[in-house]
Amino acid sequence: MITYMGRVQGARQQEGRSGPRPVEEWDQSLLDGLRDDFRSYMRLDLADSTGRSYDLQERQYRKFCVRIGKPEVPDAEVLARFVVGRALNDYKLSTIEVGVAAISRWAADEGLFDAEQQSLASHKLVRRAMRVAATHAVTSVNQKRPLSRADLRVLVKHLRSRRDFIGDRDAAMFLVGWAGMFRSAELVGIEWRDLQVYEEGGEAEKGVTIYVPYSKTDQAGEAPRRT
(Lines give C-alpha, C1' and ligand atoms only; values in the text may rest on other atoms or scores of the structure.)
Protein backbone atom coordinates (compact mmCIF):
# COMPACT_ATOMS: atom_id res chain seq x y z
CA MET A 1 0.00 0.00 0.00
CA ILE A 2 2.84 2.40 0.86
CA THR A 3 4.46 1.77 -2.52
CA TYR A 4 1.18 2.43 -4.28
CA MET A 5 0.60 5.69 -2.36
CA GLY A 6 4.06 6.87 -3.35
CA ARG A 7 3.32 6.18 -7.01
CA VAL A 8 0.04 8.08 -6.77
CA GLN A 9 1.76 11.18 -5.40
CA GLY A 10 4.42 10.97 -8.11
CA ALA A 11 1.83 10.58 -10.88
CA ARG A 12 -0.14 13.57 -9.64
CA GLN A 13 2.96 15.75 -9.75
CA GLN A 14 4.04 14.57 -13.21
CA GLU A 15 0.62 14.69 -14.84
CA GLY A 16 -0.60 17.78 -13.01
CA ARG A 17 -3.83 15.88 -12.47
CA SER A 18 -6.44 17.69 -10.38
CA GLY A 19 -9.71 15.94 -11.31
CA PRO A 20 -10.94 12.51 -10.27
CA ARG A 21 -9.94 9.41 -12.22
CA PRO A 22 -12.81 7.17 -13.42
CA VAL A 23 -13.05 3.67 -11.90
CA GLU A 24 -12.05 1.92 -15.12
CA GLU A 25 -8.68 3.73 -14.97
CA TRP A 26 -7.88 2.86 -11.36
CA ASP A 27 -4.56 1.13 -10.77
CA GLN A 28 -4.95 -2.67 -10.40
CA SER A 29 -2.68 -2.69 -7.34
CA LEU A 30 -5.13 -0.32 -5.62
CA LEU A 31 -8.06 -2.57 -6.44
CA ASP A 32 -6.14 -5.59 -5.17
CA GLY A 33 -5.31 -3.75 -1.98
CA LEU A 34 -8.87 -2.62 -1.38
CA ARG A 35 -9.94 -6.24 -1.85
CA ASP A 36 -7.24 -7.99 0.17
CA ASP A 37 -5.81 -5.40 2.58
CA PHE A 38 -8.61 -2.92 3.18
CA ARG A 39 -7.65 -2.39 6.82
CA SER A 40 -4.34 -0.80 5.81
CA TYR A 41 -6.18 1.82 3.76
CA MET A 42 -8.57 2.50 6.63
CA ARG A 43 -5.55 3.56 8.68
CA LEU A 44 -4.64 6.43 6.37
CA ASP A 45 -6.43 8.80 8.76
CA LEU A 46 -3.77 8.14 11.41
CA ALA A 47 -0.57 10.11 11.75
CA ASP A 48 2.51 8.03 10.92
CA SER A 49 3.69 8.04 14.53
CA THR A 50 0.26 6.94 15.76
CA GLY A 51 0.13 4.15 13.19
CA ARG A 52 3.53 2.86 14.33
CA SER A 53 2.43 3.02 17.95
CA TYR A 54 -0.77 1.09 17.18
CA ASP A 55 1.24 -1.55 15.29
CA LEU A 56 3.43 -2.03 18.35
CA GLN A 57 0.41 -2.32 20.64
CA GLU A 58 -1.20 -4.89 18.35
CA ARG A 59 1.98 -6.98 18.25
CA GLN A 60 2.16 -6.97 22.05
CA TYR A 61 -1.49 -7.99 22.29
CA ARG A 62 -0.96 -10.84 19.82
CA LYS A 63 2.00 -12.11 21.85
CA PHE A 64 -0.16 -12.01 24.98
CA CYS A 65 -2.85 -14.04 23.20
CA VAL A 66 -0.27 -16.67 22.30
CA ARG A 67 1.08 -16.80 25.87
CA ILE A 68 -2.37 -17.48 27.35
CA GLY A 69 -3.55 -19.77 24.57
CA LYS A 70 -6.22 -17.51 23.07
CA PRO A 71 -6.94 -16.71 19.40
CA GLU A 72 -5.11 -13.61 18.08
CA VAL A 73 -8.26 -11.55 17.57
CA PRO A 74 -9.73 -8.56 19.43
CA ASP A 75 -11.82 -9.81 22.35
CA ALA A 76 -13.19 -7.93 25.36
CA GLU A 77 -12.25 -10.54 27.95
CA VAL A 78 -8.76 -11.03 26.56
CA LEU A 79 -8.22 -7.29 26.30
CA ALA A 80 -9.33 -6.86 29.93
CA ARG A 81 -6.79 -9.51 31.01
CA PHE A 82 -4.13 -7.77 28.90
CA VAL A 83 -4.87 -4.43 30.58
CA VAL A 84 -4.66 -5.86 34.10
CA GLY A 85 -1.50 -7.76 33.26
CA ARG A 86 0.17 -4.61 32.00
CA ALA A 87 -0.94 -2.64 35.05
CA LEU A 88 0.72 -5.24 37.29
CA ASN A 89 3.91 -5.25 35.22
CA ASP A 90 4.88 -1.59 35.61
CA TYR A 91 3.35 -0.18 32.42
CA LYS A 92 2.38 3.47 32.42
CA LEU A 93 -1.33 4.21 32.41
CA SER A 94 -0.89 6.29 29.24
CA THR A 95 0.65 3.30 27.43
CA ILE A 96 -2.20 1.06 28.55
CA GLU A 97 -4.72 3.59 27.25
CA VAL A 98 -3.01 3.68 23.85
CA GLY A 99 -3.10 -0.11 23.78
CA VAL A 100 -6.84 -0.19 24.45
CA ALA A 101 -7.41 2.42 21.73
CA ALA A 102 -5.34 0.40 19.24
CA ILE A 103 -7.08 -2.92 19.90
CA SER A 104 -10.48 -1.23 19.97
CA ARG A 105 -9.78 0.29 16.56
CA TRP A 106 -8.65 -3.11 15.28
CA ALA A 107 -11.95 -4.60 16.44
CA ALA A 108 -13.91 -1.83 14.73
CA ASP A 109 -12.01 -2.34 11.47
CA GLU A 110 -12.82 -6.05 11.54
CA GLY A 111 -16.41 -5.63 12.76
CA LEU A 112 -15.72 -8.03 15.63
CA PHE A 113 -17.29 -6.21 18.57
CA ASP A 114 -20.89 -6.41 19.73
CA ALA A 115 -23.11 -4.13 17.62
CA GLU A 116 -24.67 -2.80 20.84
CA GLN A 117 -21.28 -1.57 22.02
CA GLN A 118 -19.93 1.72 20.71
CA SER A 119 -16.43 0.21 20.76
CA LEU A 120 -14.48 -2.60 22.35
CA ALA A 121 -13.07 -0.06 24.80
CA SER A 122 -16.57 0.64 26.11
CA HIS A 123 -17.23 -3.00 27.01
CA LYS A 124 -17.93 -3.37 30.75
CA LEU A 125 -15.03 -5.80 31.27
CA VAL A 126 -12.56 -3.46 29.62
CA ARG A 127 -13.88 -0.49 31.60
CA ARG A 128 -13.47 -2.42 34.86
CA ALA A 129 -9.95 -3.44 33.86
CA MET A 130 -9.12 0.21 33.17
CA ARG A 131 -10.29 1.10 36.68
CA VAL A 132 -7.82 -1.48 37.99
CA ALA A 133 -5.13 0.03 35.79
CA ALA A 134 -5.91 3.53 37.05
CA THR A 135 -5.20 2.29 40.57
CA HIS A 136 -2.18 0.07 39.96
CA ALA A 137 -0.43 1.28 36.79
CA VAL A 138 2.59 3.53 36.84
CA THR A 139 1.67 7.19 36.51
CA SER A 140 3.94 9.74 34.87
CA VAL A 141 6.47 11.15 37.33
CA ASN A 142 7.99 13.62 34.87
CA GLN A 143 4.89 15.55 33.89
CA LYS A 144 5.84 18.94 32.52
CA ARG A 145 4.74 22.05 34.36
CA PRO A 146 2.12 23.95 32.31
CA LEU A 147 2.98 27.39 30.99
CA SER A 148 1.47 29.99 33.29
CA ARG A 149 -0.31 33.14 32.13
CA ALA A 150 2.51 35.28 33.53
CA ASP A 151 5.17 33.24 31.72
CA LEU A 152 3.14 33.43 28.51
CA ARG A 153 3.03 37.23 28.71
CA VAL A 154 6.81 37.43 29.17
CA LEU A 155 7.39 35.05 26.26
CA VAL A 156 5.02 36.83 23.88
CA LYS A 157 6.44 40.24 24.81
CA HIS A 158 9.95 38.99 24.01
CA LEU A 159 8.89 37.50 20.66
CA ARG A 160 7.06 40.65 19.59
CA SER A 161 10.08 42.77 20.49
CA ARG A 162 11.86 41.22 17.51
CA ARG A 163 9.53 43.21 15.23
CA ASP A 164 9.69 40.71 12.38
CA PHE A 165 7.48 38.05 10.83
CA ILE A 166 9.11 35.15 12.71
CA GLY A 167 8.54 36.81 16.07
CA ASP A 168 4.90 37.64 15.28
CA ARG A 169 4.30 34.11 13.96
CA ASP A 170 5.78 32.42 17.01
CA ALA A 171 3.89 34.73 19.37
CA ALA A 172 0.63 33.89 17.61
CA MET A 173 1.35 30.16 17.82
CA PHE A 174 2.03 30.36 21.56
CA LEU A 175 -1.14 32.38 22.17
CA VAL A 176 -3.38 30.08 20.12
CA GLY A 177 -1.75 26.94 21.51
CA TRP A 178 -2.08 28.13 25.10
CA ALA A 179 -5.68 29.34 24.74
CA GLY A 180 -6.87 26.22 22.88
CA MET A 181 -4.68 23.71 24.76
CA PHE A 182 -3.42 22.37 21.43
CA ARG A 183 -0.75 19.74 21.06
CA SER A 184 2.13 20.76 18.82
CA ALA A 185 0.96 18.45 15.99
CA GLU A 186 -2.53 19.97 16.13
CA LEU A 187 -1.16 23.50 16.22
CA VAL A 188 1.07 23.24 13.16
CA GLY A 189 -1.74 21.52 11.25
CA ILE A 190 -4.16 24.47 11.51
CA GLU A 191 -5.03 26.03 8.15
CA TRP A 192 -6.92 29.21 7.33
CA ARG A 193 -9.98 27.23 6.28
CA ASP A 194 -10.09 25.68 9.78
CA LEU A 195 -10.88 29.06 11.38
CA GLN A 196 -14.33 30.51 11.92
CA VAL A 197 -14.38 34.04 13.35
CA TYR A 198 -17.51 35.20 15.14
CA GLU A 199 -18.26 38.75 16.30
CA GLU A 200 -21.74 38.47 17.76
CA GLY A 201 -22.62 40.68 20.72
CA GLY A 202 -20.13 42.95 22.43
CA GLU A 203 -16.36 42.99 22.46
CA ALA A 204 -16.21 40.28 25.12
CA GLU A 205 -18.12 37.83 22.92
CA LYS A 206 -15.79 37.98 19.92
CA GLY A 207 -13.71 34.89 19.28
CA VAL A 208 -12.54 32.16 16.93
CA THR A 209 -13.65 28.54 16.55
CA ILE A 210 -10.88 26.25 15.27
CA TYR A 211 -11.66 22.98 13.52
CA VAL A 212 -9.38 20.06 14.47
CA PRO A 213 -10.09 17.00 12.25
CA TYR A 214 -8.61 14.54 14.75
CA SER A 215 -6.01 14.45 17.48
CA LYS A 216 -3.99 12.01 19.54
CA THR A 217 -6.87 11.45 21.96
CA ASP A 218 -9.65 11.85 19.39
CA GLN A 219 -8.67 9.80 16.35
CA ALA A 220 -12.30 9.48 15.30
CA GLY A 221 -12.80 13.25 15.24
CA GLU A 222 -15.80 13.09 17.57
CA ALA A 223 -15.11 16.49 19.16
CA PRO A 224 -13.33 18.40 16.41
CA ARG A 225 -13.96 22.03 17.36
CA ARG A 226 -12.39 24.24 20.00
CA THR A 227 -13.42 27.82 20.75
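The values are calculated or read from the model by the stated rules, or taken from the named source; none is laboratory data. All values derive from a computational prediction rather than experimental measurement. Don't worry about glycine lacking a Cβ; one is built from the backbone with ideal geometry, like all the others, and counts go over all protein chains shown.
Data overview
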item	result
Within the range 88-105, tally of residues that are surrounded by fewer than 18 Cβ atoms within 10 Å (Cβ to Cβ), assigned to a loop (DSSP other than H, G, I, E, B) and of a type outside the set (A, V, I, L, M, F, W, C)	2
Yes/no for LEU79 being surrounded by fewer than 18 Cβ atoms within 10 Å (Cβ to Cβ), part of a helix (DSSP H, G or I), more than 20 Å from the chain's Cα centre (by Cα) and not assigned by TED's automatic domain parsing to the domain that holds ALA185	no
Residue selected from the range 19-42 under the condition closer than 25 Å to TYR54 by Cα and aromatic (Phe, Trp, Tyr), by the criterion surrounded by the fewest Cβ atoms within 10 Å (Cβ to Cβ)	PHE38
Of all residues making up the range 120-169, the number that are among the acidic types (Asp, Glu) and in a helix (DSSP H, G or I)	2
Some residue of the range 4-20 being out of contact with any strand residue (DSSP E or B) (no Cβ under 6 Å at 6 or more places or on another chain) and modelled with pLDDT of 80 or more	yes
Every pair of residues 6+ apart whose Cβ atoms lie under 6 Å, when the first sits in the range 29-53 and is more than 24 Å from GLU97 (Cβ to Cβ) while the second is acidic (Asp, Glu) and surrounded by 12 or more Cβ atoms within 10 Å (Cβ to Cβ)	none
Restricting the range 21-42 to residues that are under 23 Å from TRP106 (Cα atoms) and of a type in the set (Asp, Glu), the residue that is modelled with the highest pLDDT	ASP32
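Condition check ((1) at pLDDT below 90; (2) closer than 26 Å to LEU46 by Cβ) across all residues:
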site: LYS63; (1), (2): no, yes
site: ARG67; (1), (2): no, no
site: ALA102; (1), (2): no, yes
site: GLU110; (1), (2): yes, yes
site: GLN117; (1), (2): yes, yes
site: VAL126; (1), (2): no, yes
site: VAL138; (1), (2): yes, yes
site: LYS144; (1), (2): yes, yes
